[in-house]
Amino acid sequence: MTQPAHDKIISARGLRKTYGGLKAVDGIDFAVQAQECIGILGPNGAGKTTTIKMLSCFLEPSGGILEVLGRDASAAPRFIKRHIGVCPQEDNLDPDLSVAENLRVFARYFDIVGGEARGRAEELLHFMGLHAKRAARIDELSGGMKRRLMIARSLINRPRLLILDEPTTGLDPQSRHQIWERLHRLKSEGTTILLTTHYMDEAAHLCGRLIIMDHGKVVVEGAPKDLVREHIGASVIEVSAAGDGARRFAEEKGLLHEKTSTHLYIHGAEAASLWPEAVRQFGEERCILRMANLEDVFLKLTGRALRDE
Amino acid sequence: MIMKAILKNCSWRAWRVWQRNFDVYRQTWKINFIPPLLEPLLYLLAFGVGLGSLVKDVQFEGAAVPYLTFIAPGLVATAIMNHGFFETTYASFVRMYYQKTFAAILSTPLSLEDVILGEIAWGATKSLFAGAIMLAIAVAWGLIPLAAALAILPVAFLAGLAFSGLGMCFTAVVKNIEMFNFPVFLFITPMFLFSGVFFPLTSLPGWAQHLANALPLTFLVSAVRGLALGKFHSLQAFQLIGLLAIAVVCTYLGIAGMKKRMLR
């Protein structure tokens, strides 16, 4: 793990994937440098998983240029797959094999065999806190343990790039934090990580840089804090049970705001200073002043409408 | 173009898939051995001892052959077909569709071509195992000479490739696992009944003989019986070449179909 920091791990230019008439990924550009941890956010159907499947050489791009570890993804899939780790959204552990055997058999696909494979498996079982379960069957594991085993398996070849598609979806908070802690350790050891998530706190916690996608395109890109500052500001006032009066209040004052059917959200740099006035106007019990967060950015940029899968 | 891409993506790494399946098989080998061991015993008991007491000797290539000796090679051939075909249909489908094992393997240096090649080679291995167990019983029973049984083993693997390849073609297109009932009832069962396992095809009317002579299992029954009874002629050699051709074509079609199914 001693590549120079400017090393380009992923480079995508005009990357596209179409299914018939559907543009799942519609010309995206992005780059990932060595030792970065980058997150891709987006509503369902935004194109995150399709992008990941192209990066992991599972799907061939329909157009554009995609280089992973300096090699063309269509031309050198075996090379790329040998040096990356992939943890897909859906657990696909081998139910015919025990926990330790899952790792050993997977190692063999990378030509890691014998004592080296066993040693690597033991090491990863310890790292992921699964050693006590080494002889267990897959259906005896909890959801969190399966997820940890998936991540352990994706590390079996000491990947230069780790790709995680929704690594903690559906897990309890304890399991999530356990996984976050392991990912932090991998980051500090220099592994480049690319992940997708629906959890904004996860993105803010783990990722140095984020890409928000929607409708197959990149909507915005930047560090989590910068995105919040640029698009929302430092704080947000939430007014509940807000009617037209609330909307007029925001409009008359020329505030950056969003009005939903039940709430008024006041964004912008001056939100905090407006707090006393908002309380006078709507009553303290209906107002909340809080820090702006990534979810505000996400909803502002991708809208509140539900998406089809 | 598709053919070139498929050839380029085939490699020795298919062996890794075979190893995975063999590892799983070994864990439960005691259970895995029981069906192929019981199956021939039941058949030999039912058809040989039960039905055989009613049936007189069968005329085969101008010689009178006891009924049990006549059907034993046919039952070996049937076991070879069944174990290859069922491995790459039901078992491969479970691995692909329910267990997502193929998808998991695709995130390693293996290609889908490697995975399918490995699965078909594994199916052929299951055919070989089943054929070997059946042959051991037939040899012990005194129905097939040992030397002939040894000569049949490579044929079992070759035919295993053909029937596993055939199975994989169906696996590439079925929507769900229940749909395998169609090839089983429209294809496997009729072959079992009309490929000369239980009676010489010459007993059939002319048109039916032509039909039966085109069935892959007919090729195999004829070749295995030829070896078992010391009547292996050029016809049987051509039938083995026919099985080889089926293996090659079906493996290609199976891979192409699976690529279409999985890598859209």
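The values are calculated or read from the model by the stated rules, or taken from the named source; none is laboratory data. These numbers were taken from a predicted model, which means no experiment stands behind them. With ideal geometry, Cβ positions are generated from the backbone for all residues, glycine too; neighbour counts draw on all protein chains shown.
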Inset, instruction - Please go through the stretch A:42-67 and pick out each residue that is within 13 Å of another protein chain (Cβ to nearest Cβ), in contact (Cβ under 8 Å) with a residue 24 or more places away in the chain, farther than 15 Å from A:Leu164 by Cα and not polar (S, T, N, Q). - result: A:Leu59, A:Pro61
Legend entry - Single condition B:Val197 does not satisfy, out of (1) at pLDDT 95 or above; (2) touching a helix residue (DSSP H, G or I) at 6+ places or on another chain (Cβ under 7 Å): (1)
Legend entry - Selection status of A:Asp111, at positive phi, out of contact with any strand residue (DSSP E or B) (no Cβ under 8 Å at 6 or more places or on another chain) and at pLDDT 95 or above: yes
Inset, instruction - Select from the stretch A:78-115 the residues that are farther than 19 Å from B:Tyr98 by Cβ, surrounded by fewer than 20 Cβ atoms within 10 Å (Cβ to Cβ) and in contact (Cβ under 8 Å) with a residue 60 or more places away in the chain and list them in ascending order. - result: A:Arg82, A:His83
Legend entry - Residues being of a type in the set (Asp, Glu) and under 14 Å from the mean Cα position of the chain (by Cα) - total across the stretch A:215-258: 1
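Conditions (1) among the basic types (Lys, Arg); (2) in contact with a Ser or Thr (Cβ under 9 Å, 6 or more places away or on another chain); (3) at pLDDT 95 or above, marked per residue:
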residue	(1), (2), (3)
A:Pro167	no, yes, no
A:Pro173	no, no, no
A:Arg176	yes, yes, no
A:Glu181	no, no, no
A:Thr192	no, no, yes
A:His198	no, yes, no
A:Asp201	no, no, no
A:Ala204	no, no, no
Inset, instruction - Mind telling me which of the residues B:Ile116, B:Ile71 ends up being under 30 Å from B:Gly52 (Cα atoms) and crowded, with 24+ Cβ neighbours inside 10 Å? - result: B:Ile71
Inset, instruction - Within the stretch B:99-116, count every residue that is polar (S, T, N, Q) and more than 9 Å from every other protein chain (Cβ to nearest Cβ). - result: 0
Legend entry - Selection from the stretch A:69-113 of residues that are among the β-branched types (Val, Ile, Thr), closer than 18 Å to A:Thr191 by Cβ and more than 7 Å from chain B (Cβ to nearest Cβ): A:Ile80, A:Ile84, A:Ile112
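Yes/no matrix, rows are residues, columns are (1) among the charged types (D, E, K, R); (2) at pLDDT 90 or above:
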| site | (1), (2) |
| --- | --- |
| A:Asp214 | yes, yes |
| A:Leu227 | no, yes |
| A:Glu230 | yes, yes |
| A:Ala242 | no, no |
| A:Leu256 | no, no |
| A:Thr262 | no, no |
| A:Glu277 | yes, no |
Inset, instruction - Check every one of the helices (runs of 4 or more DSSP H) wholly within the stretch B:157-264 and list those with 3 or more residues that are in contact (Cβ under 8 Å) with a residue 24 or more places away in the chain and crowded, with 22+ Cβ neighbours inside 10 Å. - result: B:216-228, B:234-262
Inset, instruction - Identify, by number, the condition in (1) more than 21 Å from A:Val218 (Cα to Cα); (2) part of a helix (DSSP H, G or I); (3) more than 14 Å from chain B (Cβ to nearest Cβ) that A:Gln35 doesn't meet. - result: (2)
Legend entry - Residue check for A:Met150: crowded, with 20+ Cβ neighbours inside 10 Å, of a type outside the set (Ser, Thr, Tyr) and farther than 29 Å from B:Lys259 by Cβ: no
Legend entry - Residues located in the stretch A:62-77, provided they are crowded, with 17+ Cβ neighbours inside 10 Å and closer than 16 Å to B:Asn9 by Cβ: A:Ala73, A:Pro77
Inset, instruction - Name the helices (runs of 4 or more DSSP H) wholly inside the stretch B:1-98 in which the number of residues that are more than 13 Å from chain A (Cβ to nearest Cβ), touching a helix residue (DSSP H, G or I) at 6+ places or on another chain (Cβ under 6 Å) and within 29 Å of B:Ile246 (Cα to Cα) is 1 or more. - result: B:2-9, B:29-43, B:67-86
Legend entry - Of all residues making up the stretch A:196-233, the number that are free of Cβ contacts under 8 Å to residues at least 60 places away in the same chain, of a type in the set (A, V, I, L, M) and in contact with a helix residue (DSSP H, G or I) (Cβ under 8 Å, 6 or more places away or on another chain): 0
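Residues are listed down the side, and each one gets a yes or a no for (1) of a type in the set (D, E, K, R); (2) closer than 19 Å to A:Val297 by Cα; (3) in contact with a Lys or Arg (Cβ under 8 Å, 6 or more places away or on another chain):
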residue	(1), (2), (3)
A:Glu238	yes, yes, yes
A:Asp244	yes, no, no
A:Glu251	yes, no, no
A:Lys259	yes, yes, yes
A:Ile266	no, yes, no
A:Ala278	no, no, no
